[in-house]
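The values are calculated or read from the model by the stated rules, or taken from the named source; none is laboratory data. Bear in mind that the values here come from a model prediction, so they are computed numbers and not experimental data. Positions of Cβ are generated from backbone atoms using ideal geometry, with glycine treated the same way; all protein chains shown enter the neighbour counts. For accessibility, only protein heavy atoms count, side chains too; no ligands or nucleic acids. Shrake-Rupley method; radii C 1.70, N 1.55, O 1.52, S 1.80 Å.
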Amino acid sequence: VTIFGQSAGSDSVGILMTYSGSADLFEKGIMLSVPFTIYHKSRADALFVQWGPHFDGDILTEELVDKFAKGQFQKKPFIIGTVSEEAILFILGAFKGKMTKLELDGVAVAFMRLKAGQALREYDPPPSSDYRPVLSQ
């Protein structure tokens, strides 16, 4: 069995790839548009927003990006890919006017929290009059 997920589904594949209890359930995984920059909820947050994964101390114990970086995932074949400009329609709908670099940095901090500084240093887009398209890349 090969499991496949795109975007939020990719997050689910990542959770299964890092959970030893699912080792016998599938042989391969495909993760398309991995949302490694989206943080999971704490148990307290999950009381207020009940949909989506949260840290439960068993299946999801820490952020997927950290587990993958540490090599804490099942050693089985998997593919990681991306979709170009996947979120552009959502971004244009959410941010009606042009986005400045300062606003782009604010969005990065809101989504990536403590890892935002590192991401902003590594990914510094060229000057633009509108940074909304950068969010979808």
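For semi-axes √(5λ) of the Cα gyration tensor in Å, the value calculated from this model appears in [x] 29, 17, 14; [y] 59, 16, 13; [z] 24, 17, 14 under label [x].
Counting only Cβ charges, +1 for Lys and Arg and -1 for Asp and Glu, the dipole size of the chain around its Cα centre is about 140 debye.
Listed by chain and number, the aspartates and glutamates placed with their C-alpha closer than 15 angstrom to that of Lys70 are Glu62; residues fewer than eight positions away on the same chain are left out.
Note: relative contact order over the chain, using C-alpha pairs below 8 Å and six or more positions apart, is 24 percent. Between the residues Ser129, Ala87, Thr100, the greatest Cα displacement towards the positive end of the dipole of the range 68-137, with unit charges on the Cβ of Lys, Arg, Asp and Glu, is found for Ala87.
On the chain, 62 percent of the accessible area sits on carbon and sulfur atoms, based on a 1.4 Å probe.
Counting only protein heavy atoms and a 1.4 Å probe, the range 2-81 has 57 square angstrom of accessible area per residue. Straight-distance candidates among the lysines for linking to Lys76, with alpha-carbon spacing under 17 Å and chain neighbours fewer than 8 residues away dropped: Lys28, Lys67. Give me the angle, in degrees from 0 to 90, between the Cα long axis of helix 8-18 and the longest principal axis of the Cα atoms of the chain, rounded to the nearest 10. Once rounded, one gets 40 degrees. GNM on the chain, C-alpha springs below 10 Å: top fluctuator among Ile38, Ile30, Ile79? Residue with maximal mean-square fluctuation among Ile38, Ile30, Ile79: Ile79. When shorter helices are ignored and each DSSP H run of at least 4 residues is given -39500 (n - 2.57), the per-residue value for the chain at 222 nm works out to -10000 deg cm²/dmol.
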